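Structure first, commentary second.
The values are calculated or read from the model by the stated rules, or taken from the named source; none is laboratory data. What you are looking at is a predicted structure, and each value in this text was computed from that prediction instead of being measured. Cβ: placed from backbone, ideal geometry, glycine included. Neighbour counts: every protein chain shown.
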């Protein structure tokens, strides 16, 4: 059974089908009636030639002509009345469809906002973590009093933190020259400790942070030293004596397990089972890279063409009638966001399901 209340596009499609069928059938009636008129005319001509013998046949021919004229009138009236009624039905259906599509589009925009807001709150915590842990005594001592013992102690401390904060892949302490002197998971990522990150943007920007309240938030990228995992990296300078305005001794870099955490957010959007079959939920960065997607297809190379027209939130309809709802990151507390968008792309329902 068709659910017309929720699928007005079917009403419009059925109306157009009725319009097409009625026009075809009326045209057939007109064609057949025209043939009857020709036969009636020929019959009258033959009756006239036959004189008295054809008089009765002429009466029948005239009656056929009379009926044909009535049929013509009925067909014309039917066509006119049906055309007006069907046009009204199509217009009402299209207006209803536009209203519902508008509601659906606004709903997708709201869901996109909720999606990016959830991520913002998550990333705000990451910005707090990096500034807090950069003042940990074991982390500071690993750079202020460098040596095997302090580095080992820092590794142990970072490991304890990772046991409690499972959203991270690893935490690194890099000295002022960019050499990683301590990491939280040396067994899982042995290649990290001792590696140079001097040319990494997060390290360079971390060393340049203004004070202990400042931090660096990087766009999602793959990290070779973490097995190519997709990470959101946060960094800040580790300062002498853990003083907010102390001399930068190095950088603490923390690596948020992006794929796992983002995947849970884009797959928890409030959609029905039917909607999920035709919907893709995404997080898109300021360069329009797809950095998370509910279908799991994330290479960090895909660019999504988002037509936001400088609007912070909204929706639009594509030529194929698919809807796209979007919202730019609003940020949260001291986390301003990086210009990312929550995006939900939804294909239209099939004409008849």
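General observations
- Of note, residue 300 satisfies the criterion of being in the same structural domain as residue 272 (by TED's automatic domain parsing), in contact (Cβ under 8 Å) with a residue 40 or more places away in the chain and either touching a strand residue (DSSP E or B) at 6+ places or on another chain (Cβ under 8 Å) or surrounded by 12 or more Cβ atoms within 10 Å (Cβ to Cβ) (or both).
- Residues considered: 246, 325, 253. Of these, the only one that is in the same structural domain as residue 230 (by TED's automatic domain parsing), touching a strand residue (DSSP E or B) at 6+ places or on another chain (Cβ under 9 Å) and surrounded by 19 or more Cβ atoms within 10 Å (Cβ to Cβ) is 253.
- Residue 317 being touching a strand residue (DSSP E or B) at 6+ places or on another chain (Cβ under 6 Å) and at pLDDT below 95: yes
- Test: residue 321 is in contact (Cβ under 8 Å) with a residue 12 or more places away in the chain, more than 18 Å from residue 219 (Cβ to Cβ) and outside any loop (DSSP other than H, G, I, E, B): no
- The listed residue being in contact with a strand residue (DSSP E or B) (Cβ under 9 Å, 6 or more places away or on another chain), on the phi > 0 side of the Ramachandran plot and at pLDDT 95 or above, out of 184, 178: 178
- Residue selected from segment 131-165 under the condition touching a helix residue (DSSP H, G or I) at 6+ places or on another chain (Cβ under 9 Å) and closer than 24 Å to residue 333 by Cα, by the criterion surrounded by the most Cβ atoms within 10 Å (Cβ to Cβ): 134
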